[in-house]
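Have a look at the structure below before the remarks.
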Amino acid sequence: MQRCSTLISLFLFLPVLGQSSLDTTPQQESDSVENRSYDLLIQIRGRELTGLCIMEISADKQVVGTIVNEFGAKIFDFTYGQGKARVLNVIKPIDKWYIRRVLRKDMAFILANRDSQGETTEGKRHLTVGPGGEMAATNRQFKISYTFTPMNREL
């Protein structure tokens, strides 16, 4: 019994002992990573989906993010880098190849132009970026609109 409690204590304190050597790496990494979070409203032909969009932008402009609804259920994950977007881990109701393709192209357009101010149009997609970081994108072909509103960071 004594031997088991010693092992359990050792396993409980190992993360605490190793923490001092790990403290420098996250601090250095956080300097080169920007976190952004948005309230998100997606309107598709009269229907609405509200949620949160959380993304990390690295120094080399690679983006990794997720979209979750207000209940905390993940809708999909996405990555963006070198002009291409990927849509990953899509929930079952919208996990169709044609929906994934539209989401991928819309996210690539939005993320490529997220830092430009004003209006950008490319084919049937239109994006307006406001001075406060608000983004409103529309896909006129499929009648989809995305509204990204920055979340208040003062909590």
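The values are calculated or read from the model by the stated rules, or taken from the named source; none is laboratory data. Note that this is a predicted model, so its numbers are computed, not measured. FYI the Cβ positions are ideal-geometry reconstructions off the backbone, even for glycines, and counts take in every protein chain you see. We work out accessible area using only protein heavy atoms, side chains counted, and drop any ligands, DNA or RNA first. Shrake-Rupley method; radii C 1.70, N 1.55, O 1.52, S 1.80 Å.
Applying the selection to segment 55-68, what residues are open to solvent by less than 80 Å² (accessible area, probe 1.4 Å) and either within 23 Å of Arg140 (Cα to Cα) or in a strand (DSSP E or B) (or both)?
Once the filter is applied, which keeps residues that are open to solvent by less than 80 Å² (accessible area, probe 1.4 Å) and either within 23 Å of Arg140 (Cα to Cα) or in a strand (DSSP E or B) (or both), segment 55-68 yields Met55, Ile57, Ser58, Val63, Gly65, Thr66, Ile67, Val68.
Taking Gln82 as the residue in question, decide whether it is in contact with a Ser or Thr (Cβ under 9 Å, 6 or more places away or on another chain) and open to solvent by 30 Å² or more (accessible area, probe 1.4 Å).
No: the conditions fail for Gln82.
Need pairs with beta-carbon distance below 9 Å; first residue closer than 17 Å to Arg114 by Cα and touching a residue at least 12 places away in the same chain (Cβ under 8 Å) and within segment 76-100, second in a helix (DSSP H, G or I) and acidic (Asp, Glu); sequence gap 6+ or separate chains.
Listed pairs, sorted by first residue: Ala85/Asp106.
Which residue is farthest from the chain's Cα centre (by Cα), if the candidates are limited to segment 35-46 and must be open to solvent by 30 Å² or more (accessible area, probe 1.4 Å) and at pLDDT 90 or above?
Ile44
Which residue, of Val102, Val87, is assigned to a strand (DSSP E or B) and either on the phi < 0 side of the Ramachandran plot or hydrophobic (A, V, I, L, M, F, W, C) (or both)?
Result: Val87 is the single residue among Val102, Val87 that is assigned to a strand (DSSP E or B) and either on the phi < 0 side of the Ramachandran plot or hydrophobic (A, V, I, L, M, F, W, C) (or both).
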